[in-house]
Amino acid sequence: MPMKGLFTSLTCFCLILPFCSTIYAQVIHPADGELFREDVIPRIDIFLPVDSLDWMLDPANLSSNHHVRAMFIFDNGTMRDTVEDVGFRLRGNTSRSSAKKSFKVSFNTFESGRNYQGVEKLNLNGEHNDPSVSRAKVCWDLARDIAVPAARSNHVKFYINNAFRGVYLNVEHIDEEFVKKRFGNNGGNLYKCLWPADLNYLGSNPNLYKGMQGDRRTYALKTNTAEDDYSDLAHFIDILNNTALNDLPCELEQIFHVDNYLKSIALDILTGNWDGPIFNKNNFYLYHNLESGQFEYIPYDLDNTLGIDWFNIDWSTRNIYSWSPGSEARPIYDRLMQVQEYKDRYSFYLNEIISSHYQSTSLFPRLDHFKNSLDSLIALDSFYPIDYGFSTTDFQQSFEMALPYNHTDAGLKPFITARRNAVLNQLSLNDIPPIIYNIQHNRPDNQENIEVQVSIQDDNSVNAVEFCYYTTDPNSVTCVSMKDDGMNLDGQAGDGLYGVIISSLNQAGILHYFIKATDDQGQESLLPRCGMRKLFVGRSNISLAIN
């Protein structure tokens, strides 16, 4: 008998907001806005006292995360803003020792609660390893294309005290503002997971996962730090490592958004990202989404991709089903690949990304745009050549060919072509059952109809989708058909979004439900896979409550 998960899949009760709605496992991508516009290359200026800058750049202080006071100016040609008293510091790991350093701008260090254009912090990344200064940008864009929770980014011209520091990548910071925009809530635990974050089981005591790596935790809690409660992470790691494979889908999907993760690693492996959790046990976030009760996987630091190599490994041909090093356990990959359904869905996502996004027809024009728009700025970037000897010619050629440096074994376009061909040759595609995701519904009052929407994806045609529910008697389940005909709150006919309207219950109570989808091959899926979800109907008389 599978054990019950620590977290229930309940719909949180919205007590006083009649327009409130719930979205399960939906990734919402905010608009670029002025800060992350891509039709221009904005200018970002930082002004700070010379002695503060000298202190920050002193080799003795390179590991410090101390913020100095600075002034921030943003100018994209349409708007120009000045923000006084921002925090400014170095960021990164090995990049701190580089000549072209990376920096963090914090708008709320010296003024609590302040943000700029909806963000509290910005990461200004020098991309010093990458002669094209474009690999991370391509990968962030691809992640957003496939609806993975990904940071917004754009190239910027960066100046300190009016001195040009070069072309930088402006990357949205992952924090409580980030998860609020993507998942609609930010009260859950957010963990930043850096090397050696292998997600191996250390024991049932949550404090065992507070281990230090140097001056930081391997799993660093970024929200709810006063409580410092790692119980949810310990439980997730326990389920991931110790549940019998036959029971793993039922148990894991209660606490982990598996499909989002499968899409994320499909993109990692397609782009040759060795610096993530699977190969290098590094660079990801986990957010405990309070709406769904599931952990959400969030990618981080996507610069060691698309042909950057420090291991003398040909990442363009590496097997898609043997990505982990093999000498060490990577349960977040190895265990999921032992579940045939997950392996098949991972393969489905790889094929889908290749078919829709990872193509020369869409990626090469994007790369040409970066090369043409950045070329004249790279020529003025005095920090660009210092670390590895990159030249302006290297910048131009980096898109087309390998360069004679230790880590630049492939140009971007040749890598993309070679990797795409290798993956297509390695893919093993099997029929998958329908994928059910993005359940949405209203918060009905006693007399209001219940409105439900859900998205369905399949490698074949979907024959039927049903919404099955009961209110008081679990032996009396009613199933009604959900439609994709454009007339049942389902968007456009045939768009994969299904809807249904359930007549009002005429009383307060709890609606227990699941959704079932069947394709034309007879494959069937349930969401949730085990048990039922709950939808509260009615309003509370409490004037104010916090859930």
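Annotations
- Placing +1 on each Lys and Arg Cβ and -1 on each Asp and Glu Cβ, with no other charges, gives the range 502-543 a dipole about its Cα centre of roughly 320 debye.
- Each of PRO385, ASN421, VAL465 was placed along the dipole of the chain (beta-carbon charges, centred on the mean Cα), and the one lying farthest toward the positive end is PRO385.
- A helix-only calculation puts the chain at -7000 deg cm²/dmol for mean residue ellipticity at 222 nm, using -39500 (n - 2.57) for each DSSP H run of at least four residues, averaged over all residues.
- Loop-resident sites, the range 305-360, for chymotrypsin sites (Phe, Trp or Tyr not before Pro), counting at most 11 other Cβ within 10 Å (DSSP): PHE311
- Whole-number D in µm² s⁻¹ for the range 137-282, Kirkwood Cα-pair radius fed into Stokes-Einstein, 37 °C, 0.692 mPa s: 188 µm²/s
- Maximal additional length on extending the ASP375-GLU84 stretch stands at 101.6 nm, based on 0.36 nm per residue less the C-alpha distance.
- Dipole magnitude for the range 281-420: computed about the Cα centre from +1 point charges on Lys and Arg Cβ and -1 point charges on Asp and Glu Cβ, it is near 380 debye.
- Given a 1.4 Å probe and the protein chains as shown, ASP75 ends up with an accessible area of around 50 Å².
- Annotation for TYR159 and SER481: the two label points, set 7 Å from Cα along the Cα-Cβ direction, are 6.5 nm apart.
- The length gained by stretching the chain between ASN319 and SER362 to full extension, at 0.36 nm per residue less their Cα-Cα distance, is 13.0 nm.
- With Cα atoms, 0 to 90° folded angle of helix 231-242 axis to the chain main axis: 80 degrees
- Kirkwood estimate for the chain, i.e. one over the average of 1/r between Cα atoms, Å: 25.1 Å
- All Cα pairs of the range 40-138, percent lying beyond 24 Å: 25 percent
- Overall, the accessible surface of the range 396-546 at a probe of 1.4 angstrom is composed of carbon and sulfur to the extent of 44 percent.
- Under a 5 Å amide H cut-off, with hydrogens placed 1.01 Å from N, PHE399 pairs with LEU412 among residues at least 5 apart or on other chains.
- Amide H contacts of ASP303 (H built 1.01 Å from N, under 5 Å, at least 5 apart or other chain): none
- The chymotrypsin sites (Phe, Trp or Tyr not before Pro) of the range 362-395 include none that DSSP puts in a loop with a beta carbon having at most 16 other beta carbons within 10 Å.
- Using alpha-carbon coordinates, inclination of helix 412-426 to the longest axis of the chain, degrees: 30 degrees
- Selection from SER134, ASN115, VAL148, by position along the positive dipole direction of the range 114-156 (Cβ): ASN115
- Only the Cβ atoms of Lys and Arg (+1) and of Asp and Glu (-1) were treated as charged; on that basis the dipole of the chain about its Cα centre amounts to roughly 780 debye.
- Amide proton proximity set for PHE256, modelled H, under 5 Å, gap of 5+: PHE295
- Given R0 = 41 Å, the distance between the Cβ atoms of ASP495 and ASN241 translates into a calculated FRET efficiency of 0.60.
The values are calculated or read from the model by the stated rules, or taken from the named source; none is laboratory data. All figures in this text were calculated on a predicted structure; none of them were measured in a lab. Don't worry about glycine lacking a Cβ; one is built from the backbone with ideal geometry, like all the others, and counts go over all protein chains shown. Ligands, DNA and RNA are excluded from the accessible area calculation, which covers all protein heavy atoms including side chains. Shrake-Rupley method; radii C 1.70, N 1.55, O 1.52, S 1.80 Å.
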